[in-house]
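A short write-up of the structure that comes next.
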Amino acid sequence: MRVLLMVLWFSLCTAAIAETAPGSNASSVSQSDRIAIGPIVLSQDVQGITVNTAVAMNFAVETKSDGLHLSLVLDASLVDLQQKFAQIVGTLPLPRDNCKSYTLVNPVVSLTIRALKGEGDTAVVALSGDVDGWTCVENPVPETYWDSTGCRGDLPFGGHYVFGCPKTRPASPIKNKSFTQPFDATLPVKLQKTGDASLSLVLGEPNVKLGGQFVFITNGLLSIAGININDQAKKALERAIDPNKLTISVPKEYADLNPTIVDASFRSGQGQLAIRLDMTALLPPARINEILGGLVKSLKKP
């Protein structure tokens, strides 16, 4: 279905009626009713997890002296991303080995809360968890075990034979959890225009609250571990939300008009996060004639 052509045809007919009707106010009826399209589902792979974004759109057309002004409002639901966000964050390479090296502090990070929320026009990554500090040292006492074929003896007339014998090997390291440090972190994310037809995610400063007795140690641990939890969450979110890919769902006829992005922001309501995108395009009279000419030709085809 040629959505844009239908919108144009309806708009021109409405404008004509308004201009010829006695005593009518053309400007009051030149605005057509909004025409809904969708939802269209876009799928994207994030850390091996399929995330679906449902995109619904609606058009409006207004006739003015310089041509037709088309507006498109696009609403993209991020509910599926919210539901799978904990699973996505769970794939991040957080330090989990409590004996990665023989040292006094081996950090182990666990996340109990991994959520994507909405606060007005801002998306918020919320993370809570603990950093456990583990001491791991080499066991000074070797372990003795029985090796059934570990020894070899010589026979009187040459040759040899194997037999079982006791052997030693390094024993399991000595590990002990020395402390647990809780933390809460939030990361604000906004949408921003970077051009007439482009958007980007603007990542705010993370707010990290550290509790417990070893706050100064935890600050160092998150750096020493080589893992910045907030930075990893940012990267996952950037892969999950590519605002410029939303334009894939825009009907080709509208996209061919090189529409301008007027506004873009996150929206939230009843715990559900979405993206609202407003776009406009102008069709001068010459372009209208060209499009309607194509419509007439298509209608004449058998």
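Annotations for the structure displayed:
- In the calculated pair-distance distribution of the stretch 81-220, the portion above 18 angstrom amounts to 72 percent of the Cα-Cα pairs.
- Distance from the C-alpha centroid of the stretch 142-158 to that of the stretch 160-180: 18 Å, rounded to the whole angstrom.
- Taking θ as phi - 60° and the Karplus parameters 6.51, -1.76 and 1.60, the scalar couplings of the stretch 64-78 work out to 9, 4, 8, x, 9, 9, 9, 10, 10, 10, 10, 10, 10, 7, 10 Hz in sequence order, x denoting glycine and proline.
- One chain, two ends: Gln272 and Asn176. Fully extended at 0.36 nm per residue, the span grows by 30.3 nm beyond their Cα-Cα distance.
- Candidate aspartates and glutamates for bridging to Lys234, where Cα separation is under 14 Å - those fewer than 8 sequence places away on the same chain excluded: Glu205, Asp242
- Karplus-derived HN-Hα couplings along the stretch 135-151 (A = 6.51, B = -1.76, C = 1.60, θ = phi - 60°), whole Hz, x at Gly and Pro: 8, 9, 10, 5, 6, x, 9, x, 9, 9, 9, 9, 9, 5, 10, x, 10
- Full-stretch length increase - Thr103, Glu238 - with 0.36 nm per residue and alpha-carbon distance subtracted: 45.1 nm
- Stretchable slack from Thr91 to Lys190, in nm (0.36 nm times residue separation minus alpha-carbon distance): 33.3 nm
- Across the stretch 199-212, computed HN-Hα scalar couplings (Karplus, 6.51 cos²θ - 1.76 cosθ + 1.60, θ = phi - 60°) run 9, 8, 8, 9, 9, x, 6, x, 10, 10, 10, 10, x, x Hz from first to last residue, x flagging Gly and Pro.
- Of the chymotrypsin sites (Phe, Trp or Tyr not before Pro) found in the stretch 141-198, those that fall in a DSSP loop while having at most 15 other beta-carbon atoms within 10 Å are Phe157.
- Amide H contacts under 5 Å for Gln181, placed H, 5+ residues apart: Val131, Asp132, Gly133
- Zone residues, the stretch 120-150, relative to Val79, backbone N less than 11 Å from point 7 Å out along Cα-to-Cβ: none
- R0 of 35 Å, Cβ-Cβ distance Thr280-Lys117: FRET efficiency to nearest 0.05: 0.70
- Straight-distance crosslink candidates among aspartates and glutamates, where the alpha carbon sits under 12 Å from Lys209 and sequence neighbours closer than 8 are dropped: Asp130, Asp184
- The simple spin-label model puts a point 7 Å past each Cα toward its Cβ; for Lys64 and Asn228 those points are separated by 4.4 nm.
- Cα-based reach from Lys100 at 18 Å (exclusive), listing lysines while leaving out same-chain residues under 8 positions away: Lys175, Lys177
FYI, it's all coordinate maths here, none of it is from the lab. Here the structure is a predicted model, which is why all the values come from computation and not from measurement. As a convention, Cβ positions derive from the backbone with ideal geometry for all residues, glycine included, and neighbour counts pool all protein chains shown.
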